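**Q** Sharing a structure with you now.
The values are calculated or read from the model by the stated rules, or taken from the named source; none is laboratory data. Nothing here was measured: the structure is a model prediction, and the numbers come from that model. Quick reminder, even Gly has a Cβ in these numbers, built from the backbone with ideal geometry, and neighbours come from all protein chains shown.
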Amino acid sequence: MRYPIAIEPGNDTTAWGVVVPDLPGCFSAGDTLEEALIQAEDAITGWIEAAIDDGQDIPAPSHIEALRAARPEFEGWLWALVKVDPAMLDDTLERVNISLPRRVLHRLDARARSAGETRSGFIARMAVEGREAAPA
């Protein structure tokens, strides 16, 4: 899947601005065109992950020509497509095998129990919340 982005050209004194019209409030910038494209990919990924975590629907990407016709505020801007890995939209459970030292596994299980969660649920929540578990 590819999301169209509108790119406001920058110069020596202003950054290249990027807006993702299909994802409300999703924007980024970079000092160079290349940096702006990389930042746009990060912004889109972050926007989609936050929306999924909040239980929101993810809008389908539009066609660039449709956006160009409907969004006159982007006249004179460049357009590009940013590829999004469809796997990041997939909430299908997948069994994984990890190796941990026993002492680490013991601490992990203790923290999960104290939080009233399973090991898998605890690990998933820590990953989604994007923070480290509090020290035991």
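**Q** Looking at (1) free of Cβ contacts under 8 Å to residues at least 24 places away in the same chain; (2) of a type in the set (Gly, Ala, Ser); (3) within 19 Å of VAL128 (Cβ to Cβ), find the lone condition where ALA43 falls short.
**A** Tallying (1) free of Cβ contacts under 8 Å to residues at least 24 places away in the same chain; (2) of a type in the set (Gly, Ala, Ser); (3) within 19 Å of VAL128 (Cβ to Cβ), ALA43 fails exactly one: (1).
**Q** Here is a follow-up. May I ask you to verify whether ASP42 is of a type in the set (Asp, Glu) and more than 22 Å from PRO9 (Cα to Cα)? It would help to see each step written out before you state the result.
**A** Values: of a type in the set (Asp, Glu): yes; more than 22 Å from PRO9 (Cα to Cα): no.
In short, no.
**Q** I've got another one for you. Please verify whether SER62 is small (Gly, Ala, Ser), part of a loop (DSSP other than H, G, I, E, B) and either in contact with a strand residue (DSSP E or B) (Cβ under 8 Å, 6 or more places away or on another chain) or on the phi < 0 side of the Ramachandran plot (or both), treating the condition exactly as stated.
**A** Judged against the criteria, SER62 is a match.
**Q** Further question on the same structure: Being more than 10 Å from ALA6 (Cα to Cα), outside any loop (DSSP other than H, G, I, E, B) and either touching a Leu at 6+ places or on another chain (Cβ under 6 Å) or not assigned by TED's automatic domain parsing to the domain that holds GLU8 (or both), is that true of even one residue in the range 32-43?
**A** no
**Q** Out of VAL82, VAL18, I need the residue that is part of a strand (DSSP E or B), under 26 Å from GLU129 (Cβ atoms) and outside the structural domain of ARG125 (by TED's automatic domain parsing). Which one?
**A** VAL82
**Q** Please state which one of LEU108, LEU100, LEU67 is over 30 Å from LEU23 (Cβ atoms) and assigned to a helix (DSSP H, G or I). If you could, list the steps in order and put the result at the bottom.
**A** Numbers: LEU100 fails: assigned to a helix (DSSP H, G or I); LEU67 fails: over 30 Å from LEU23 (Cβ atoms).
Step by step, each of LEU108, LEU100, LEU67 is checked, and only LEU108 is over 30 Å from LEU23 (Cβ atoms) and assigned to a helix (DSSP H, G or I).
**Q** Follow-up. For ARG113, which of the numbered conditions (1) closer than 23 Å to ALA36 by Cα; (2) surrounded by 10 or more Cβ atoms within 10 Å (Cβ to Cβ); (3) not small (Gly, Ala, Ser) fails to hold?
**A** (1)
**Q** Let me ask something else. State which residue is surrounded by the fewest Cβ atoms within 10 Å (Cβ to Cβ) when the search covers only the range 1-15 and only residues that are within 16 Å of the chain's Cα centre (by Cα) and not in a loop (DSSP other than H, G, I, E, B).
**A** ARG2
**Q** Right, here's the next one. Scanning for something within 15 Å of ARG2 (Cα to Cα) and under 16 Å from the mean Cα position of the chain (by Cα), does the range 121-132 turn up at least one residue? Steps first, please.
**A** We begin by selecting, within the range 121-132, every residue within 15 Å of ARG2 (Cα to Cα); these are none.
No: zero hits.
**Q** Take the residues in the range 54-97 that are among the small types (Gly, Ala, Ser) and under 23 Å from GLY121 (Cα atoms); name whichever of them is surrounded by the fewest Cβ atoms within 10 Å (Cβ to Cβ). I'd like the intermediate steps shown before the answer.
**A** Going residue by residue through the range 54-97, those that are among the small types (Gly, Ala, Ser) are 55, 60, 62, 66, 69-70, 76, 80, 87.
From the residues that got through so far, the ones that are under 23 Å from GLY121 (Cα atoms) too are 55, 87.
On the way: GLY55: 6, ALA87: 8.
Of everything passing the filter in the range 54-97, GLY55 is surrounded by the fewest Cβ atoms within 10 Å (Cβ to Cβ).
**Q** While we're looking at this one, here's another question. Looking at this structure, is ILE48 part of a helix (DSSP H, G or I), within 16 Å of ILE7 (Cα to Cα) and either in contact (Cβ under 8 Å) with a residue 40 or more places away in the chain or of a type in the set (Gly, Ala, Ser) (or both)?
**A** Considered against the rule, which asks whether it is part of a helix (DSSP H, G or I), within 16 Å of ILE7 (Cα to Cα) and either in contact (Cβ under 8 Å) with a residue 40 or more places away in the chain or of a type in the set (Gly, Ala, Ser) (or both), ILE48 comes out as no.
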